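The values are calculated or read from the model by the stated rules, or taken from the named source; none is laboratory data. Keep in mind the model is a prediction, meaning the values are calculated, not measured. Please note: Cβ atoms are built from the backbone with ideal geometry, for glycine as well, and neighbour counts cover all protein chains shown.
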Amino acid sequence: MKIKVRVITKASRNSVEQLTDGSFRVRVTTAPVDGKANESVRKLLAEFLKIPPSSLELTAGHRSKDKIFSY
């Protein structure tokens, strides 16, 4: 299954919001340095979906605000 995610980094708080089109908006407090924000998004999204973080894989958008995760 593929999940479309729009990421907002350096936010004031961590949050996950499901949008009406089925995609997600994820806010993380982490800065986009050395993949740390991607890792934070993966963990937060996995927690929201109630699946293990190791089940989610970033398949597209490693350096973009728009990402695609698969599990």
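Checking each residue in the stretch 1-25 for being exposed (fewer than 10 other Cβ atoms within 10 Å of the Cβ) and more than 16 Å from residue 42 (Cβ to Cβ) picks out 12, 13, 20, 21, 22. Counting the residues of the stretch 20-48 that are over 14 Å from residue 65 (Cβ atoms) and among the aliphatic types (A, V, I, L, M) gives 4. Please specify each residue of the stretch 33-45 satisfying the condition of being surrounded by fewer than 18 Cβ atoms within 10 Å (Cβ to Cβ) and either touching a strand residue (DSSP E or B) at 6+ places or on another chain (Cβ under 6 Å) or part of a loop (DSSP other than H, G, I, E, B) (or both). Those that are surrounded by fewer than 18 Cβ atoms within 10 Å (Cβ to Cβ) and either touching a strand residue (DSSP E or B) at 6+ places or on another chain (Cβ under 6 Å) or part of a loop (DSSP other than H, G, I, E, B) (or both): 33, 34, 35. Among the residues of the stretch 31-50, just one is modelled with pLDDT of 95 or more and of a type in the set (Val, Ile, Thr), namely 41. Of the residues in the stretch 49-68, at least one is closer than 11 Å to residue 5 by Cα, of a type outside the set (D, E, K, R) and touching a residue at least 60 places away in the same chain (Cβ under 8 Å).
Using the structure shown, decide if residue 30 is part of a loop (DSSP other than H, G, I, E, B) and surrounded by 11 or more Cβ atoms within 10 Å (Cβ to Cβ). Answer is yes for this residue.
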